[in-house]
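Below is one structure; the comments refer to it alone.
The values are calculated or read from the model by the stated rules, or taken from the named source; none is laboratory data. This one's a predicted model, so the numbers in the text were calculated from it and none came from an experiment. Positions of Cβ are backbone-derived with ideal geometry, glycine not excepted, and every protein chain shown enters the neighbour counts.
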Amino acid sequence: MILSLLIANAIVCASHAQSVAVAAREKFEIIDIESAKVLEKQVQAVRAKVFKACVGLEIMDSSGGGAGSGTIISTDGWILTAGHVCRSPDLVAKIYFSDGTTTTGKTAGLHWNGTEDCGVVRFDPTGLTLTAAELGSMNTTAAGDWVLAFGHTFGIEKDPFRPPILRLGRLNGANAIAIWMDAPLSSGDSGGGLFDLHGRLIGINSTAGGEPEMNAATTVDFAKSHLSDMQQGAATGEDMKNEREGKPHDGSGQRIVDTGPPQTTAPHKADPKILQAIASVVDDAIMMTVGVFVDDRLVCYGTVADAHGFIIAKASEVGMTSANVSVALPDGLTVAAKRMAVDHQLDLMLLRVNETLEAPIFDGDATSAAGALLFTVGRDGSPVAFGVRSLDTYQPGRSDRSTPYLGVRVRPVTDEERAAHGDKAGVIVVVVSPATSAARAGVRTGDFITRIAETTVENQPQLGEVVRRHASGEIIDIVRLNGGSEEVLRARLTPRPIEHGPSPSTPRFPASRRSSGFGPVIQHDTTLRSDQMCGPLVDLNGRVVGVNIARADRTKSYALASSTVQEAITRLLARVKEHPEPMALVNPLENGIVTKQDAALVRLNATAAEIVGTTLRLVQAEDSLGALESWIDSNDSARWLVEFTKPGDYAVTVIQACPPELAGQDFFVQMGEVVLRGKTQSTADSSDFQRVDVGSVHVESAGRAIIEVKTGGSLRGPLMGLHAVELKRTS
């Protein structure tokens, strides 16, 4: 959604700052490693100063309420947040302090009109020891200033409690109302505090952009101009009025900024000059960093595990189906690699190449606290990006939006049910959500489920843990009891549905297909792509403190601590010593969900597709078959495993939707050595699916085949929304 107010009022911060004296202000510029350490120290000092003032909010109303964030601004019980978090005066607010303790309050007043987005919550401070944030002003800021954003991304995690999450960015531009910054935000961060490097509150997180570095906040100056009225319960603004009257408006839900920063010359966190200034910090990790390719496509980075040719890579990206795996070594040589062993929980695969490598140096004893600057090593021998550690310790919880999704709710079995089923452990299915992996696999309400993915499950949390140890698009077996015997159902996991707000995966920085189930991780805010995972993570002292394991969503990346990685390497090498032969490949014609032909027409729905790549996503409503969308990577493809029962000629039709400005892009449909070419056709909107005939294929004999839809080269934008592929027998 484009916010016209942002466009109309965009004034770069550099301009408004000309009217104030900023010469004496410390700018914390990064010109070398020592100045980066000064910045790191200041970030950690500010976090310590403001952390206890940052809170999570759950607002209760008749529709079920919502969650957001806020900042305590006075010790007599006032919290500043976003107007769209408050929504209306006099709603009950549950308040989560930074240590997980809670109290209740009520929303007071608010002003909500586009980026004029502020509100207050009142609570009784009696008996509480509170920290209040100092209110700052945009008059002491300038373009390029470092800022710290806090919030409870994707909601408040309670079991265990996750404290407010820190993100670092730069102020890209501002006016009297709005701030643009590249500190990454998403749903749940709304209302959280934006602070300068003196610990002063200068903004209220308001809007998340189409990409991680495109976000906005309402200035604290604007909030202060309305503060007295809001504390008296005033509720003003066009969005507020429309919300109260039940009318649609641009402020509904989580708004998205598509305009980007005010100017292309605005300063950014990812300034190449900054990376050049601290390049030497990764010197010791350069020879540990490799690129891993499958079928000549970069799927992830890799980290040297042992001098005798062993490398660790991200198992869910390398996969087990293609024999064509190669590694680009630090010296530029590309060599063939073999899969030797896998740690499924950590999603690590041990590869071996016939080369002697430089021995890796992991710093298993090195620790980094929240606020520490961390650097990801690029394949060119320099840092590819940097960020800050967002939390001291973290084990990903159930608020993660990029986890795979099965679509069931279960309860433990009773003693009577257990006895009636041969004393077997399991769960009873109580809800099967429509149009989900479980529903398509045939799971029914009342089913007695004993195992999922070879693991016995006895309650909902166990089921969730099992699912989170897999990747979206991966097939898992569900074992249920049917008439006293076991029946195996096969389900292809999908990404978790997003009810509102921006997608966890963005076009430029797609999330990993598997981003959960690893146990404790280092969470940092470095903006990375999914194919940049599994390389070393380095601190400002040049120590390898971890290995990146997942791009979790638009706000965060995860890394495994070096001690965890070293233990995994020891286990994997011991496994290779016992079983020195490479792992057997999985035949894609034997391992998959088969669409069996039972008539002249074979229909391959988007919901049954195997997604190959990083950006393509299944988008599906409960009452539709859905479509594959966000097709922006020319390496992505969709595959189906088909079992033909009748030989003959088949006409091939692709059912797709495509906006007029992107129509005419090439795509291919391939079956074996036959490749059919088509062009996307213009449609009215994303739900207006039209048929595109692409030719015919000949099926020589009954049996299995893979049908794959690929892009036709570089793309001008998303290729299409792919609803289905049909093969109709013509002879």
Report every pair of residues separated by at least 6 positions or lying on different chains whose Cβ atoms are under 9 Å apart, first residue within the stretch 670-690 and in contact (Cβ under 8 Å) with a residue 40 or more places away in the chain, second among the aromatic types (Phe, Trp, Tyr). Thr680/Phe667
I'd like to check something: does the stretch 293-316 contain any residue that is of a type in the set (Ser, Thr, Tyr) and free of Cβ contacts under 8 Å to residues at least 40 places away in the same chain? no
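When you scan the stretch 437-537 for strands (runs of 3 or more DSSP E) that lie fully inside it, which ones turn up with 3 or more residues that are within 30 Å of Thr207 (Cβ to Cβ) and touching a strand residue (DSSP E or B) at 6+ places or on another chain (Cβ under 9 Å)? It would help to see each step written out before you state the result.
Details: elements: 448-452, 475-482, 485-492, 522-524.
In the stretch 437-537, 522-524 are the strands (runs of 3 or more DSSP E) which contain 3 or more residues that are within 30 Å of Thr207 (Cβ to Cβ) and touching a strand residue (DSSP E or B) at 6+ places or on another chain (Cβ under 9 Å).
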Could you count how many residues in the stretch 419-436 are crowded, with 17+ Cβ neighbours inside 10 Å, of a type in the set (Gly, Ala, Ser) and in contact with a strand residue (DSSP E or B) (Cβ under 6 Å, 6 or more places away or on another chain)? 1
Would you be able to say whether some residue in the stretch 102-120 is closer than 20 Å to Lys224 by Cβ, in contact with a Gly (Cβ under 6 Å, 6 or more places away or on another chain) and in a loop (DSSP other than H, G, I, E, B)? no
Flag if Ser69 is modelled with pLDDT of 95 or more, of a type in the set (Ser, Thr, Tyr), under 30 Å from the mean Cα position of the chain (by Cα) and under 26 Å from Phe386 (Cβ atoms): yes
Being surrounded by 18 or more Cβ atoms within 10 Å (Cβ to Cβ) and modelled with pLDDT under 80 is the filter here, so list the residues in the stretch 261-274 that pass it. Pro261, Pro262, Ala266
Among the residues of the stretch 240-250, is any outside the structural domain of Thr555 (by TED's automatic domain parsing), surrounded by fewer than 17 Cβ atoms within 10 Å (Cβ to Cβ) and outside any loop (DSSP other than H, G, I, E, B)? yes
Only one of Thr334, Thr376 is buried (at least 18 other Cβ atoms within 10 Å of the Cβ) and of a type in the set (Ser, Thr, Tyr), namely Thr376
Residues located in the stretch 464-498, provided they are under 21 Å from Gln620 (Cβ atoms) and of a type in the set (A, V, I, L, M, F, W, C): Val467, Ala471, Ile475, Ile476, Ile478, Leu489, Ala491, Leu493, Ile498
Test: Ala336 is under 30 Å from Ala45 (Cβ atoms) and out of contact with any Gly (no Cβ under 7 Å at 6 or more places or on another chain): no
Within the bounds of the stretch 664-681, is there any residue that is over 22 Å from Asp296 (Cβ atoms), in the same structural domain as Leu616 (by TED's automatic domain parsing) and at pLDDT below 95? no
